[in-house]
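To start, the structure under review is shown below, and the notes come after it.
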Ligand code: SER
């Protein structure tokens, strides 16, 4: 894995900002090219302004750089997507097809495509979603992710393009702000707790969802991308999970460290989205095929989030 040139799209998003640094650590700063429609804070490596709908700009960049891998993170998430379904379809789908087609034409070795628990919905037992269940998503974001998984499978089978994918649960991290998702409450709540302010939650107290700590999510991504080809048996997208909890349990976990922490529940339209998603997902295929195992529990994640955010506040850094 020497001489990699890795393009990350949507690199300024919640995952991208953290993944960039992890990739730079693993492959060297010179190997990583961050792209997004806006500049990225705290990134010292190369940055190129790129809209994923700009096929020509994408091809030019891939060619100039001798690109070997693309992590295609640019997308509109579940809650934002509902405000403009057709634009979400266009950005998420045309963006992916530009990436896949360019990757095929320019001989890219490997592509990473993030899918989501949003692919699940009606017609399954939401208490625990299996790997191979019908996908009937409730949001346009979920529709694009389910279709995207199938496009990855198609490019792998038809053109031999090595596309790899994870169905991320809600991702919780202190490093970057989430943007427009239904699981964002589980990040926001920590910012309020660290500032010792009350939090108003937009989901019901019982809205259980699968979640993962950022460090685990990044490690899963890098491990999947580094796994030998024959271990990556699933070419649509792997179920991935770290833990599951509802907002009440998360608030209780925070109260172990911030005893006076107060949370009110005022559900909005995002509650219906959460209710259509599974409460847990079965990630045993990822465990068997390429050795996935999460390291953070609800308690260790809560402690790490609060420690980092409190440190940022004490040293006057923005917490977003
Ligand atoms: N975290 C994402 C969202 O809430 C799910 O993929 O939209």
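The values are calculated or read from the model by the stated rules, or taken from the named source; none is laboratory data. For clarity, every value in this text was computed on a predicted model and none was experimentally measured. For neighbour counting, all protein chains shown are included, and Cβ atoms are generated from backbone atoms with ideal geometry for every residue, glycine included.
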Lone unmet requirement of (1) under 26 Å from residue 131 (Cβ atoms); (2) surrounded by fewer than 19 Cβ atoms within 10 Å (Cβ to Cβ); (3) within 14 Å of the ligand (Cβ to nearest atom) for residue 173: (2)
Condition met for residue 88 (in contact (Cβ under 8 Å) with a residue 60 or more places away in the chain and either touching a helix residue (DSSP H, G or I) at 6+ places or on another chain (Cβ under 8 Å) or buried (at least 24 other Cβ atoms within 10 Å of the Cβ) (or both)): no
Flag if residue 226 is within 25 Å of residue 18 (Cα to Cα) and in contact with a strand residue (DSSP E or B) (Cβ under 8 Å, 6 or more places away or on another chain): no
Some residue of segment 188-204 being on the phi < 0 side of the Ramachandran plot, modelled with pLDDT of 95 or more and under 18 Å from the mean Cα position of the chain (by Cα): yes
Residue that is farthest from the ligand (Cβ to nearest atom) [pool: residues in segment 73-85 that are farther than 16 Å from residue 148 by Cβ and in contact (Cβ under 8 Å) with a residue 12 or more places away in the chain]: 82
The listed residue being in a loop (DSSP other than H, G, I, E, B), within 14 Å of the chain's Cα centre (by Cα) and either at negative phi or within 15 Å of the ligand (Cβ to nearest atom) (or both), out of 179, 142: 179
Every residue from segment 152-165 that is in contact with a helix residue (DSSP H, G or I) (Cβ under 6 Å, 6 or more places away or on another chain) and either buried (at least 19 other Cβ atoms within 10 Å of the Cβ) or not in a helix (DSSP H, G or I) (or both): 155, 161, 163, 164, 165
Members of segment 18-33 that are crowded, with 23+ Cβ neighbours inside 10 Å and either assigned to a loop (DSSP other than H, G, I, E, B) or out of contact with any strand residue (DSSP E or B) (no Cβ under 6 Å at 6 or more places or on another chain) (or both): 19
Elements of type helices (runs of 4 or more DSSP H) contained in segment 244-310, each with 3 or more residues being in contact with a helix residue (DSSP H, G or I) (Cβ under 7 Å, 6 or more places away or on another chain) and surrounded by 16 or more Cβ atoms within 10 Å (Cβ to Cβ): 247-255
Complete set of residues in segment 34-62 that are in contact with a strand residue (DSSP E or B) (Cβ under 9 Å, 6 or more places away or on another chain) and either outside any loop (DSSP other than H, G, I, E, B) or touching a residue at least 60 places away in the same chain (Cβ under 8 Å) (or both): 34, 35, 36, 46, 47, 48, 49, 57, 58, 61, 62
Qualifying residue in segment 102-122 (condition: under 23 Å from residue 277 (Cα atoms) and exposed (fewer than 15 other Cβ atoms within 10 Å of the Cβ)): yes
Verdict on residue 70 being touching a residue at least 24 places away in the same chain (Cβ under 8 Å), touching a helix residue (DSSP H, G or I) at 6+ places or on another chain (Cβ under 7 Å) and part of a strand (DSSP E or B): yes
Residue check, residue 135 within 12 Å of the ligand (Cβ to nearest atom), outside any helix (DSSP H, G or I) and at pLDDT 95 or above: no
Close pairs (7 angstrom Cβ cut-off, 6 or more residues apart or separate chains): over 14 Å from residue 183 (Cβ atoms) and within 12 Å of the ligand (Cβ to nearest atom) in segment 267-286, in a strand (DSSP E or B) and at pLDDT 95 or above anywhere: none
Output for segment 91-120, where each listed residue is in contact (Cβ under 8 Å) with a residue 40 or more places away in the chain and not in a helix (DSSP H, G or I): 106, 108, 109, 110, 111, 112, 113, 114, 115, 116, 120
Qualifying residues in segment 182-200 (those that are assigned to a loop (DSSP other than H, G, I, E, B) and buried (at least 20 other Cβ atoms within 10 Å of the Cβ)) - the one farthest from the ligand (Cβ to nearest atom): 184
